[in-house]
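Values quoted throughout were computed directly from the atomic coordinates according to the rules given, and no laboratory measurement underlies them. Since we're looking at a predicted model, the values are computed, not measured. Backbone-built Cβ (ideal geometry, glycine too); neighbour counts: all protein chains shown.
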Amino acid sequence: MRSLLFVPGDDAKKLGKALGSGADAIILDLEDSVAAERKEAARAATSEFVSQHRNGGGPKRFVRINPLASGIALADLAAVVGAGPDGIVLPKAAGADEIRTLDHYLAALEAREDAAPGGIAILPIAPETAAAVFSFASYAGASARLCGIMWGCEDLATDVGALANRSDDGTHLEPFRLARSLCLFGAAAAGVIAIDTVFTDFKDDAGLEREARAAALCGFAAKAAIHPAQIAAINAAFTPDAAAVAWARQVVAAFDANLAAGVVAIDGKMIDRPHLRTAQRILDRAGR
């Protein structure tokens with residue numbers, strides 16, 4: 001996945017547009033974008049949409065439920081698991097204990113629905129609270145369902161009482177850069193992809209492109225979006241270009257020809273095995 005598009009789970013028009021957006025995944029939202037009095041209607045609409053597009057190809061279908069601490073997360077899950085979503089997005093994630101709890105809920109509901117066990121992935125959004133900033137190390141080994149970690153800036157800023165989370169030039173302020181870096185390291189430690197947070201100014205194309213490319217350079221594999229117009233720039237940023245693919249193929253070929261070598265020379269530069277891992281990752285992403 002390179003791009004994940006958030007869409008209100010109760011908005012049929014936006015859901016229809018999302019299918020043709022080019023996003024690698026759609027996140028049908030039952031949380032922030034749905035008013036309290038619309039929750040039940042959103043569950044029904046989301047379940048119907050996921051079920052209708054279950055075997056039709058296209059983008060993956062994730063559902064963002066309400067936080068486990070909200071008291072209504074289990075009702076969200078009970079309504080949508082039978083439809084066969086590709087994954088569940090867990091907001092306000094607080095660490096491995098919540099991932100294990102969600103795993104147990106999913107296992108029970110999969111059994112109830114006679115669905116394949118373990119078929120639904122888990123994608124936490126962290127940190128969206130100050131406490132969760134300290135939980136990234138816990139995700140490694142929490143569940144085989146874990147498919148990535150996304151970080152959330154807007155809720156985190158609210159939780160710490162920040163008046164802004166970006167400077168005048170559009171870059172994140174220091175506390176939020178720290179959270180972003182910890183997400184990257186936590187995902188790498190857990191062996192899953194790191195997903196960059198949304199860029200809320202959907203009319204600032206240049207700012208989005210800069211942020212997405214910077215995230216890709218740092219090691220993020222994908223970025224979330226709030227508008228279909230953001231998808232093309234995100235996909236481009238997280239798709240290795242021809243020069244990167246050519247370099248990666250050259251590195252892999254050089255080591256294939258020298259299986260015992262720890263270092264090879266390419267274009268006058270010494271390339272070691274960490275570079276080989278980078279090259280393999282580039283080719284994996286290009287293939288996807």
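Here are a few things to note about the model shown:
- Once the Cα-Cα distance is subtracted from the 0.36 nm per residue extended length, the Ala78 to Ala257 segment shows a gain of 59.1 nm.
- Ranking Ala279, Gly268, Ala257 by how far each Cα lies toward the positive end of the dipole of region 242-287 (charges on Cβ) leaves Ala279 at the top.
- Two-site label geometry, Ala244 and Ala111: point separation in nm, points 7 Å out along Cα→Cβ: 4.3 nm
- Nearest 10 degrees, 0 to 90: helix 174-190 Cα axis against the chain principal axis: 80 degrees
- Under 5 Å, built H, 5+ apart or other chain: amide partners of Ile266: Ile271
- Relative packing of peptides 2-10, 269-277, 82-90, 70-78 - highest average C-beta neighbours within 10 Å first: 2-10, 82-90, 70-78, 269-277
- Restraint check, Lys92/Lys223; Lys60/Lys203; Lys39/Lys92; Lys14/Lys60; Lys14/Lys223; Lys39/Lys203, Cα-Cα greater than 23 Å: Lys60/Lys203; Lys39/Lys203
- Simple label model, 7 Å out from Cα along Cβ direction - Asp205 to Glu37, nm: 4.0 nm
- If only the Cβ of Lys and Arg carry +1 and only the Cβ of Asp and Glu carry -1, the dipole of the chain around its Cα centre is close to 740 debye.
- Order by protection proxy (mean Cβ within 10 Å, highest first), peptides 159-171, 16-28, 196-208: 16-28, 196-208, 159-171
- Between Ala236 and Arg277, full extension at 0.36 nm per residue minus the direct alpha carbon distance yields a gain of 12.6 nm.
- Cβ-placed point charges (K, R +1; D, E -1), dipole of region 242-287 about Cα centre in debye, nearest 20: 140 debye
- Computed from backbone phi, the HN-Hα couplings of region 261-272 come to 6, x, 9, 10, 9, 9, 6, x, 10, 8, 10, 10 Hz, rounded to whole numbers (Karplus: 6.51 cos²θ - 1.76 cosθ + 1.60, θ = phi - 60°; Gly and Pro given as x).
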